Amino acid sequence: MPHYAVIARFFASGTPVSYRDRLFALVAVTAVPTSLVAATDSIRLAMNARDCTYSIGTAALPTPVLTAGPAAKIDGRWLHAKDYPSCKAAKVPATGPLGPAEDWTIAYNGLQGAPDLLLHLRSYTTQPWGELQLTARNSTGQPVKIQVLRLIDASGDRVLNIGGDPATARILNDSFSEDRPGMQIHDLAASEKQSHRAVGSQLLYDQESGRSWFVGTLTSDRFLSVLRLHMAADHGSRMRDYEVDSTGTTELLLENSLADSSADDRVELSLPLAPAAELSSERMAFSISQDYHAQLETYGRLIRDLHQPRAVSTPTPLGWWSWTAYYFGLNQGTALTNAQWLAEHLKRLGYTFFHMDEGYQFARGEYATPDAALFPNGVTALEQKAIGLGLTPGIWTAPFEVSERSWVFANHPEWLVHNAKGAPIHIGLVADGQDHLYALDPTHPAAQGYLKQTYATLAHDWGIRYIKMDFMEDSAIEGFYHVPNTTALEAQRIGIRTVREAVGQNVLLDKDGCELLNPVGLVDMGRISQDTGHTFAASKDAAPGMAARYYMNRNYFIADPDAFSISRQTVDDQSWHGGQKPLTLDEAKVSIALTAITGGMFEIGDDLPTLGEDRERVALLENRDLLDMARLGRASIPLDLMSYAAADQQPSLFLLHEDGRQTILSVFNWTDAAHSHSLSRQALGLDPQGNYSVAEILTPGDPENPLPATLDTTQPAHSVRMFRIIDTRKPATAPTVTISAPTSARAGETIALTTAAIPTSAPLLSIHWEFGDGTSSEGTATEHTWTHAGTYTVHAHALGLSGAASDQTATLNISGTVVTKFLPDDKRRLVGKP
C-alpha cells in the first residue's frame, strides 16, 4: 500500500494502522516547515513545530478558534505535547463520511521513558467539520498503564475564540446520561465552580457573532468522552483551560452511585499497554459554523450512519405506564384495571403499550421473580390478560444492578464487579436509604447466563414485547471484571448485547439511565430527559433535555421523553414527581405538548380511571394533531435553543414542518407571569408572500384564520399554545404506498406483506390492513394466513396528515387445503423457547 494512503485508510476504517506504516508515511513527505497549514472552505488547520501545538480556525476569523496540543496521563503522570523533544506532521488527501478531506498525523516522540503520541486530524474540504483521535504507542520497551488520553489540551488566550463578546456566549453541556446531571443551557459566565463539564458533546454559541464551536464523540468503544471548559476565577466569561478526554467513568460516578462508597470502590481506569502496542482514544468530530442547528443535525446523521440505529422506521409506541401513576405501589388489581380502561377507551386510537414500571419485582437483580405481596398470582397471567385485550405488554428492569436482597447477591457474589481487594463495589441504595446496591459483571459467563435466562423468561414466558433498561449509568463502574482490563462502557455494551440476544430481534429495548451513545444499534428507544411527573416544575426541568437532544430522535433511537401527566391526580408521598396539588388544565397541556414535540414515545403517566373522570383532559389524548405528531415521529426544531430571550428562562419556541403544506408551531411559557412573543413568517421558515391559515390545536373548535405577517402570542403563566399553519395554496394529499406481497400461496401458509411509502408522497402515519377474509391488522409490515382456497383482495388503508387517506390493493390466489393428516415424518422438535 502506498504510504500516503495509510493515514487515509486509518480514518476511512476507524481502525488504527501500524505505527511503522504511519512512521513511513511521515518520513516519506518532504521536510516539514515550522508551520504547516491546510486550508479548506470552512476549516483551517495549522501545526507549529516550535511548541508542538496545532490550531483549528476558519477563514472568517483572523485568529484561530483553538490552539492546543495532546496530552496523556500515563502511570499516574501527565505528559503534555510541550514535553516531547520532537514533533512531526504529515498530511494526505482522503475521503470521509462528509466528503473529500485532508488527513493529518502529528507524531510526538523522543521523550525518555514515555510512549509516543500520534494525533490524527481530519479537515473536510467542503464542510465546516473535522475529526481527531489520539493514539499512544508504547516505544519504551516496558509495560505502562494509561489512565487518560487527552485529545485537546488548551490554556490561556488560545481557548475557543469564536468572535464576539464571550459575555454573550451560551454553552450546552451534554450529560453523562439523560439526567446525570439534568440538562441545562447556561450563559457562559454562569459556570458552577468556574467550570463547564460535558460528556459526549459540547456546543458553545456566541450570540453576538452568531458563530458556534461544537465537539462530539463519534465512538464509544472503550472510553467515556469528557469535555471540560474551565473559567477564570477573576472573570466569569474568560476561558482559562479546555480539555477533551477519553477516560473512565469514575469522575462522573463520584457524584452519583459512588458518592458514598469507600475509597477502595472508587477505581481509576488504568489500562495496560505492552511494549510496541498501541491504544487509541475515541474518535471526536468538531465543527465551526454559523448554524448550530445544522451542526447538531449533521452530528446526528453521522451517528446514524456510523452506528446504524435499529429504530429508523419503527412506529412510535403509544400507551400507558405505571410509574407516575403508582410508583412502587402498583399491584395486580390496579394494573389490570388500567389495562382494561386502556383497551376499552384508547386502544382504538393506537394507545396499545401497557408498561408496568418498577415495583412488580421482588428485588433489583431478580426481575423474573414477582413480589408476591403485590402480585400474588404472578405476572404471567396478568400479561396474558393484557395480550388478550389487544395490548402490548412492557416491563421495567435495571439489568446490571443487584440489591443485597436478591438471589444473585446471596448466592453468587463472584458475578459482581469487584475492587482491588476482591470485595463487591457498592453503588448506592434503591430508595429512602434502604437496600444496598452492587453492579453485575456482564463479562462473567455465569452472569451472562443469568441475564439470558432472566430476559428470555420476560420475553418468551411472560410475553413481554417492550423492556425498559434503567440505571445503567449507575452500574457502569470502573473496576475488576472477570475479563481483565475491561472498561465500564465495554462491559455495559457486552451486557446490553447479551440482553438483545436473549430477547431476540422483535422485542423493543429502551435505554433509560445510560450514557447516550453506547447503546445505539442495540436498543430501539432511549430516554432524552429528566423524569417528568404531576408538577409543572417537573415538565419545566425536563424540557431543556428534550430540546437539546432533538437531533437524536431516530438518529440514535426513538426518543423517550418520559411519560406525560394530564389528570388531576396527586401523589402526596412523592413530593417532586407526584405533586401536592393537581395540575391545572394549562399545565396538563404543557406536559402532553412537550412529549409531542419530541416526536418520540407517547406514554400516559396517570391513573387512567382518575383521568377518565375529566372529559376535557381525555380530549387531549384524542387530539388528532397531537396524535399525528406522535405517529409522524419527527422532532420539532427548538428555534431558540441557544438564543432564547433571558425573560423566557429556557428554549420556548418549537417548529415542526410536517410536510410541504402543514406546520406546527409550539410556544411555551415557562414563567410565572403572562408572556408574549412576536414571530415573523421569516422566523418560521414561511413564504412572506404566501397564503396561510392558522388555528390553535389545543383550543377545540378554533377556526382557521388568515396568518398575519407577524404572529403575536400572549399567554398566561405555565402554559403552551400550539398553532397549525397551513399553506392554503396546497391541497391536503394522502400518502401513496406500494404493497409487497406474493400473488399466490397455499392455504395454511403464513405470508409476509409489507408496504412502503413513495418518497415523494405525503407522510405516512399508519397502515390498516383488510385481508378479505373478515380479519384485519395494523402496521407497515404484517403476516397473515388464509385458511381456505379463494381469490382475495387485500386492502392497505394508508393514513396521512389531517385525516387524508388512500387505499392500495393486491390480489392473492390461495390454493389447496390445510393438511389434516397425521404425518410423523414431518414433525420437528423445537429447540429452545420461541
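The values are calculated or read from the model by the stated rules, or taken from the named source; none is laboratory data. Keep in mind the model is a prediction, meaning the values are calculated, not measured. Ideal geometry is used to build each Cβ from the backbone, glycine not excepted, and the neighbour counts take in all protein chains shown. All accessible areas refer to the heavy atoms of the entire protein, side chains included, with ligands and DNA or RNA removed. Shrake-Rupley method; radii C 1.70, N 1.55, O 1.52, S 1.80 Å.
Would you tell me the accessible area of V312, worked out with a 1.4 angstrom probe on the heavy atoms of the protein chains, in Å² to the nearest 10?
Accessible area, nearest 10 Å²: 80 Å².
Setting aside same-chain residues fewer than 8 positions from K385, which aspartates and glutamates have a Cα under 18 Å from its Cα?
Cross-link targets: E344, D357, D461.
List, in the order given, every pair from K452/K511; K468/K589; K73/K421; K73/K511 whose Cα-Cα distance in the structure shown is over 29 Å.
In this structure, K73/K511 exceed 29 Å between Cα atoms.
Calculate the FRET efficiency for N377 and A431 from the Cβ-Cβ distance with a Förster distance of 41 Å, rounded to the nearest 0.05.
Efficiency for this residue pair is about 0.95.
Roughly how many nanometres apart are two label points built 7 Å out from the Cα toward the Cβ at E616 and D165?
A separation of 4.6 nm, rounded to one decimal place.
For Q308 and L61 in one chain, what is 0.36 nm times their gap in residues minus the Cα-Cα distance, to one decimal in nm?
85.3 nm
For segment 199-330, just say rounded, prolate or oblate: build the C-alpha gyration tensor, square-root its eigenvalues into a ≥ b ≥ c, call rounded for a/c under 1.5, and beyond that prolate if a/b exceeds b/c, oblate if not.
Rounded, since a/c falls under 1.5.
Leaving ligands, DNA and RNA out of it, report the carbon-plus-sulfur percent of the accessible area of segment 35-168 at a 1.4 Å probe.
48 percent
Shape of segment 225-277 from its Cα gyration tensor (a ≥ b ≥ c, root eigenvalues): rounded if a/c is under 1.5, otherwise prolate when a/b > b/c, or oblate?
Cα axes put segment 225-277 in the oblate bin.
Could you work out the Kirkwood radius for segment 277-327, taking every pair of different alpha carbons, averaging 1/r and inverting it, reported in Å?
Result for segment 277-327, one decimal place: 15.2 Å.
Going by accessible area, probe 1.4 Å, with all protein chains left in place, what is the ranking of K540, K145, K511, largest first?
Sorted by accessible area, descending: K145, K540, K511.
Treat each spin label as a single point 7 Å out from the Cα along the C-beta direction, and report the V818 to N331 distance in nm.
Those two pseudo-labels are separated by 4.2 nm.
Expressed as a rounded percentage, what relative contact order does segment 680-834 have, with Cα pairs under 8 Å and six or more residues apart?
RCO, segment 680-834: 20 percent.
Return one number: the angle in degrees, 0 to 90 and rounded to the nearest 10, between the long axis of the Cα atoms of helix 445-456 and the longest principal axis of the Cα atoms of the chain.
Relative to the chain, helix 445-456 is tipped by roughly 30 degrees.
Shape of segment 414-522 from its Cα gyration tensor (a ≥ b ≥ c, root eigenvalues): rounded if a/c is under 1.5, otherwise prolate when a/b > b/c, or oblate?
Prolate, since a/c reaches 1.5 and a/b exceeds b/c.
Taking the Cα atoms only, what angle lies between the long axis of helix 332-345 and the longest principal axis of the chain, rounded to 10 degrees?
With both axes taken from Cα atoms, the answer is about 70 degrees.
Tell me, what is the per residue accessible area of the chain in Å², probe radius 1.4 Å?
The answer is 38 Å² per residue.
Accessible area of segment 567-640 with a 1.4 Å probe: how many percent of it is carbon plus sulfur?
47 percent
Round to the nearest 10 and report in Å² the accessible area of D628, as given by a 1.4 Å probe over the protein chains' heavy atoms.
Accessible surface of D628 is approximately 0 Å².
Please work out the Cα center distance from segment 110-131 to segment 567-645, rounded to the nearest Å.
Cα centres, segment 110-131 to segment 567-645: 47 Å.
Could you calculate, for segment 546-597, the ratio of the Cα radius of gyration to the Kirkwood radius, expressed as Rg to Rh?
With Rh from the inverse mean 1/r over Cα pairs, Rg/Rh is 1.08.
Relative contact order of segment 68-186, please, whole-number percent, based on alpha carbon pairs below 8 angstrom and at least 6 residues apart.
Answer for segment 68-186 is 23 percent.
Just the isolated ones, please: cysteines in the chain lacking another cysteine beta carbon under 4.7 angstrom.
Isolated Cys, the chain: C514.
Nearest 10 degrees, 0 to 90: what angle lies between the long axis of helix 536-548 and the longest principal axis of the chain (Cα atoms)?
The answer is roughly 60 degrees.
According to the Cα gyration tensor, what semi-axes, each the square root of 5 times an eigenvalue, does the equivalent ellipsoid of the chain have, listed from largest to smallest in whole Å?
45, 34, 29
Over the heavy atoms of T397, what accessible area does a 1.4 Å probe trace out, to the nearest 10 Å²?
Counting only protein heavy atoms, the figure is 0 Å².
Would you mind getting me the FRET efficiency between S761 and T699? Use the beta-carbon distance for r and R0 = 45 Å, nearest 0.05.
0.90
For segment 141-175 and segment 510-566, compute the distance between their C-alpha centroids and round to whole Å.
Cα centres, segment 141-175 to segment 510-566: 27 Å.
Expressed as a rounded percentage, what relative contact order does segment 404-553 have, with Cα pairs under 8 Å and six or more residues apart?
19 percent
Tell me the mean residue ellipticity at 222 nm calculated for the chain from its helices only (DSSP H runs of n ≥ 4, each -39500 (n - 2.57), averaged over every residue, nearest 500).
Computed ellipticity for the chain at 222 nm equals -5000 deg cm²/dmol.
Could you let me know the centre-to-centre spacing of segment 753-782 and segment 210-253, using Cα atoms, in angstrom?
Between the Cα centres of segment 753-782 and segment 210-253 lies a distance of 46 Å.
Can you give the FRET efficiency for R729 and E297, using 1/(1 + (r/R0)^6), R0 = 35 Å, r = Cβ-Cβ distance, to the nearest 0.05?
After rounding, the FRET efficiency stands at 0.80.
Using a 1.4 Å probe on the protein chains only, how many percent of the accessible area of segment 270-362 belongs to carbon and sulfur?
51 percent
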